[in-house]
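Read the figures in this text as sums done on the coordinates, not as results from a lab. All of these numbers come straight from a predicted model, not from anything done at the bench. Methodologically, a virtual Cβ is constructed for each residue, glycine included, from the backbone with ideal geometry; neighbour enumeration extends over all protein chains shown.
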Amino acid sequence: MLAVLTVGLWSCMMPHPVRAGSEPLPAPTGSEASGSRLTWENAIGTGVKKHPLIEAAQHGVLETDAVTKRIASINYPQVSGVLVGTGGNTRVLSNLGISGSLPKPTNPMATAGSRVDLLITDFGRTAHRILANKALAASAEKDVLMMKAWVILSVEQAYLNCLKQQRLVEITRQMLTERQLIRAQAETFYRHQLRTKLDFDLATVQAAKAELDFIKAQNDLKAAYAALNTAMGIQGPDAYTLDETETAVTPAQPIEPLLKQALEKRPELLGSRDRVQAAEEALKAAQALNFGSISAIGTAGYSWWGHQEVVNVQGNPNNPNAQLGWWGAGVATSTPLYTGPRIEGQIDEADARKGEAQATTRTIANDVVLQVAKAYLSRLTAEQQIQVAQERVAHAREALTLARERYKAGLGSILDVTTATTDLLAAQTGLADAQYEYRAGDSALAYATGSEYARY
């Protein structure tokens with residue numbers, strides 16, 4: 001049977017009018033009396049849009065995408081322009097580099113040109129590196145979802161804590177009113193010599209304690225508002241007008257479907273699987289180092305010499321005007337024959353990282369299962385505690401009414417009344433805790449199963 005409860009409307013003792021001789025009830029403070037309106041959905045939406053941790057994770061995705069572009073650029077022609085001037089014992093090479101010449105001064109030379117380098121194939125190394133980094137980019141996107149899920153959980157827990165603290169402020173205010181009434185009654189009896197001064201003193205002590213509890217509850221509420229701002233990732237006002245949220249206490253469903261859902265949807269687990277794929281591609285890229293690469297080069301330029309150069313026995317210069325345009329092209333292959341343990345070490349390193357990623361994935365999966373179980377049992381415990389706490393509040397209120405009437409009729413002591421008020425305060429606080437824990441358990445279970453972040 002479905003029992004509908006309201007987090008902010010716990011059963012509580014209705015306040016009585018303050019009688020003559022008792023201190024007035026403290027007025028609501030600014031954090032209680034007013035504040036910016038903030039709904040449940042608006043709080044979560046603000047956290048998702050403005051929390052800096054989500055923004056940082058989004059920049060992480062952009063960074064990984066940029067690395068992928070950089071790696072992929074190897075597949076495109078690399079064109080560079082060169083302007084070189086040489087003298088002394090160095091000169092310009094046809095690949096537009098500079099090299100030493102004979103151990104004697106050479107013809108001063110200036111060259112302007114361009115060079116094109118093109119990787120024809122490296123037997124899959126670059127392709128696997130690109131796939132590895134794409135998998136890392138997918139993992140970074142899962143990190144954004146993971147951070148979003150965490151922010152949603154934090155905001156929900158902080159919002160519920162504010163509602164709980166608001167309720168505790170109401171409870172302590174009503175308890176302060178009740179104990180002020182008891183003190184006023186004890187004072188009246190003492191003045192008419194119907195009770196001893198001890199009763200009045202005990203009632204005064206209890207009223208002072210209730211006032212301290214009320215002050216503490218107000219300060220705890222202010223701290224809860226500050227925690228809510230932090231959970232949303234903003235520096236907001238110090239008070240809010242929150243919406244009362246309804247809670248449907250429903251029988252818990254079987255845990256097996258929840259575990260399956262968590263293993264399929266938790267973003268950190270999905271991201272870890274992407275990292276395993278990245279490690280597999282990195283291993284293939286390392287293995288491709290054994291096959292070397294094939295590349296092409298093309299150059300074109302125009303050179304100016306300090307004077308003509310003779311190139312044959314007839315004395316004919318190859319540059320009659322001391323300047324010449326030229327071009328060149330070539331294909332080169334590079335195959336590692338022996339590199340010591342360098343390539344083997346890179347392969348072993350990539351293989352070890354793959355094993356590490358796989359073990360980390362299993363660890364995360366085990367943690368996810370544990371989180372689901374804890375959230376499930378916490379919610380189940382709170383569900384059972386709510387019914388017990390409601391009965392306890394009803395009995396404590398009835399006991400207080402009876403103790404108050406017995407004391408009024410001279411059949412009971414002041415200790416009976418103060419004990420009954422303490423029991424009622426504990427019962428109402430326990431009910432508030434149980435109802436908060438139930439809603440918090442709902443939020444924790446939604447986070448643990450990965451069923452919440454997709455809505456935002």
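Solvent-free Debye calculation, one equal scatterer per alpha-carbon of the chain: log10 I(q)/I(0) at 0.08, 0.11, 0.13 Å⁻¹ equals -0.71, -0.99, -1.16.
The simple Förster model, with R0 at 30 Å and r as the Cβ-Cβ distance, assigns Glu244 and Ala454 a FRET efficiency of 0.70. In nanometres, what is the gap between the two model label sites at Thr230 and Ala208, each 7 Å from Cα along Cα-to-Cβ? With each label point 7 Å from Cα toward Cβ, the separation is 3.3 nm.
Calculated on the alpha-carbon coordinates, the convex hull of segment 337-385 measures out at 36 cubic angstrom per residue. Over the C-alpha trace of segment 209-328, radius of gyration and Dmax come out as 38.6, 118 angstrom. Against the main long axis of the alpha-carbon atoms of the chain, helix 197-232 sits at an angle near 20°. Using only alpha-carbon positions in segment 70-223, the gyration tensor eigenvalues give semi-axes of 92, 22, 10 Å once each is multiplied by 5 and square-rooted (largest first). Proximity of backbone amide H atoms, modeled 1.01 Å from N, is registered between Arg195 and Tyr190 at under 5 Å, excluding neighbours fewer than 5 places apart on the same chain. Using a cutoff of 8 angstrom between alpha carbon atoms and counting only pairs six or more residues apart, the relative contact order for segment 364-456 works out to 46 percent. In this label model, Asp201 and Glu398 are separated by 3.6 nm, measuring between points 7 Å along each Cα→Cβ vector.
Considered as an equivalent ellipsoid built on the Cα gyration tensor, segment 85-141 has semi-axes of 44, 12, 11 Å, the largest given first. The label-point distance for Asp65 and Thr381, in a model that sets each label 7 Å from Cα toward Cβ, rounds to 4.4 nm.
Extension gain, Ile255 to Leu370, is 40.2 nm, computed as 0.36 nm per intervening residue step minus the present C-alpha separation. Taken over the alpha carbons of segment 198-256 as equal point scatterers, the Debye sum produces base-10 log I(q)/I(0) values at 0.13, 0.19, 0.30 Å⁻¹ of -0.67, -0.82, -1.15.
A straight chain from Trp326 to Phe291 at 0.36 nm per residue would run longer than the Cα-Cα distance by 9.2 nm. Using θ = phi - 60° in the Karplus curve 6.51 cos²θ - 1.76 cosθ + 1.60, the 3J(HN,Hα) couplings for segment 99-115 round to 9, x, 10, 5, x, 7, x, 10, 5, x, 8, 10, 9, 10, x, 9, 10 Hz; x is entered for Gly and Pro. Say the dipole of the chain comes from +1 at the beta carbon of Lys and Arg and -1 at that of Asp and Glu; which of Thr177, Leu445, Ile255 then lies farthest toward its positive end? It is Leu445, whose Cα lies furthest towards the positive end.
Computed over the chain, relative contact order equals 25 percent, with contacts defined as Cα pairs under 8 Å that lie 6+ residues apart. Our estimate of slack between Asp220 and Ile343, defined as 0.36 nm per intervening residue step minus the Cα-Cα distance, is 38.2 nm. Helix 52-72 axis versus longest C-alpha principal axis of the chain: approximately 20°, rounded to the nearest ten.
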